[in-house]
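Report on one structure; see the data block that follows.
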Amino acid sequence: TQLLEQSPQFLSIQEGENLTVYCNSSSVFSSLQWYRQEPGEGPVLLVTVVTGGEVKKLKRLTFQFGDARKDSSLHITAAQPGDTGLYLCAGGGNFNKFYFGSGTKLNVKP
Amino acid sequence: GAGVSQTPSNKVTEKGKYVELRCDPISGHTALYWYRQSLGQGPEFLIYFQGTGAADDSGLPNDRFFAVRPEGSVSTLKIQRTERGDSAVYLCASSPSGRFEQFFGPGTRLTVL
């Protein structure tokens, strides 16, 4: 059972374009994290959001946690080839268990 | 500082054999997690340690899987009587106490022939 649904599954865009990926659930989470994973490596944490409605910015990346703490979005402005990778969201209750989505595979073409 | 390390990076074994996968967390991190990631999927939770004890092992698929962390640092994931369906990348992550952030190792790719 996939508690977190990510969309789109695949995204191929040109350098300089903007994009948004979504992470949705019917469950409420205490925290939500976004990771980026490259082939042959473990996921690398990008951001953690904990408050409903919270917005965090990391350079060209903007993360939002839904008001009800069930969903989140990641927006990338002016995508670059270095942004290519698998983007994963993960929702947590307490600290003991985190549920990952199946990911959005992003390819940014030069 | 040193990140999370996992050994071996690759393990090929035959169906029915026993394997051990090792995780060295970041020094001082009290929480340790094991995940399994199949091709095209996100990581799937297996087990969580807080210190030496397994605080949540609800993700272990069956009793062939077992994990230990005897001194609250290094952890070993043990799989008995391996099956072809066990083939996946096994990821380990650690966290400082009271923090949500997880720091992942590079994973061990297990292939069961």
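The values are calculated or read from the model by the stated rules, or taken from the named source; none is laboratory data. Computed from a predicted structure; not experimentally measured. Positions of Cβ are backbone-derived with ideal geometry, glycine not excepted, and every protein chain shown enters the neighbour counts. When the accessible area is computed, the model is the full protein with side chains, heavy atoms only, and any ligands, DNA or RNA have been set aside. Shrake-Rupley method; radii C 1.70, N 1.55, O 1.52, S 1.80 Å.
Summary table
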| item | result |
| --- | --- |
| Flagged links, alpha-carbon separation over 22 Å, of A:K97/B:K78; A:K59/A:K105; A:K56/A:K109; A:K59/A:K97; A:K105/B:K11 | A:K56/A:K109; A:K59/A:K97; A:K105/B:K11 |
| Dimensionless Rg ratio for chain B, taking C-alpha atoms and the 2.2 N^0.38 Å reference | 0.99 |
| Complex-versus-alone comparison for region B:34-71, residues with a loss of 10 Å² or more in accessible area, probe 1.4 Å | B:Y35, B:Q37, B:G40, B:Q41, B:G42, B:P43, B:F45, B:Y48, B:D56, B:S58 |
| Accessible-area value, A:L3, 1.4 Å probe, nucleic acids and ligands omitted, Å² | 50 Å² |
| log₁₀ of I(q)/I(0) at q = 0.12 Å⁻¹ - chain A, Debye sum with one point per alpha carbon | -0.37 |
| Peptide-level mean, for B:80-90, of C-beta atoms on other protein chains within 10 Å | 0 |
| Accessible carbon and sulfur surface of the protein assembly as shown relative to its total accessible area, %, 1.4 Å | 48 percent |
| Proximal aspartates and glutamates to B:K17, defined as alpha-carbon separation beneath 14 angstrom and excluding residues fewer than eight positions away on the same chain | B:E83, B:D86 |
| Sites A:Y22 and A:K59 - FRET efficiency at Förster radius 22 Å, r taken between beta-carbons, to 0.05 | 0.60 |
| Three principal axis lengths of the protein assembly as shown [C-alpha, angstrom, descending] | 49, 36, 35 |
| Per-residue HN-Hα couplings for region A:82-88 [Karplus 6.51, -1.76, 1.60; θ = phi - 60°; Hz; x = Gly/Pro] | x, 7, 4, x, 9, 9, 10 |
| FRET efficiency estimate (nearest 0.05) - Cβ-Cβ, B:E71 to B:Q41, R0 22 angstrom | 0.10 |
| At R0 = 25 Å, FRET efficiency that the Cβ-Cβ distance of B:V12 and B:K78 yields, to 0.05 | 0.90 |
| Accessible area that becomes buried as B packs against A, both chains, 1.4 Å probe, Å², nearest 100 | 1700 Å² |
| Phi-based couplings in Hz for region B:66-72 (Karplus 6.51, -1.76, 1.60; Gly and Pro marked x) | 8, 9, 9, 8, x, 10, x |
| Burial of 40 Å² or greater, region A:62-110 residues [accessible area, probe 1.4 Å, versus chain by itself] | A:F95, A:N96, A:K97, A:F98, A:F100, A:S102 |
| Mean-position separation - Cα centroids, region B:40-113 and region A:1-74, in angstrom | 23 Å |
| Whole-Hz ³J(HN,Hα) from phi, Karplus 6.51 cos²θ - 1.76 cosθ + 1.60, for region A:47-54, glycine and proline x | 7, 10, 10, 10, 10, x, x, 5 |
| Amide H partners (placed H, <5 Å) of B:A67, local residues excluded | B:K78 |
| For chain A, built as a Gaussian network whose Cα springs stay under 10 Å, the top-fluctuating residue of A:G85, A:G16, A:G40 | A:G40 |
| Cleavage-rule hits (trypsin sites (Lys or Arg not before Pro)) in region A:57-91: DSSP loop, at most 10 neighbouring Cβ within 10 angstrom | A:K59 |
| Drop in accessible area of at least 50 Å² in the complex versus isolated chain, residues of region A:21-44, 1.4 Å probe | A:P43 |
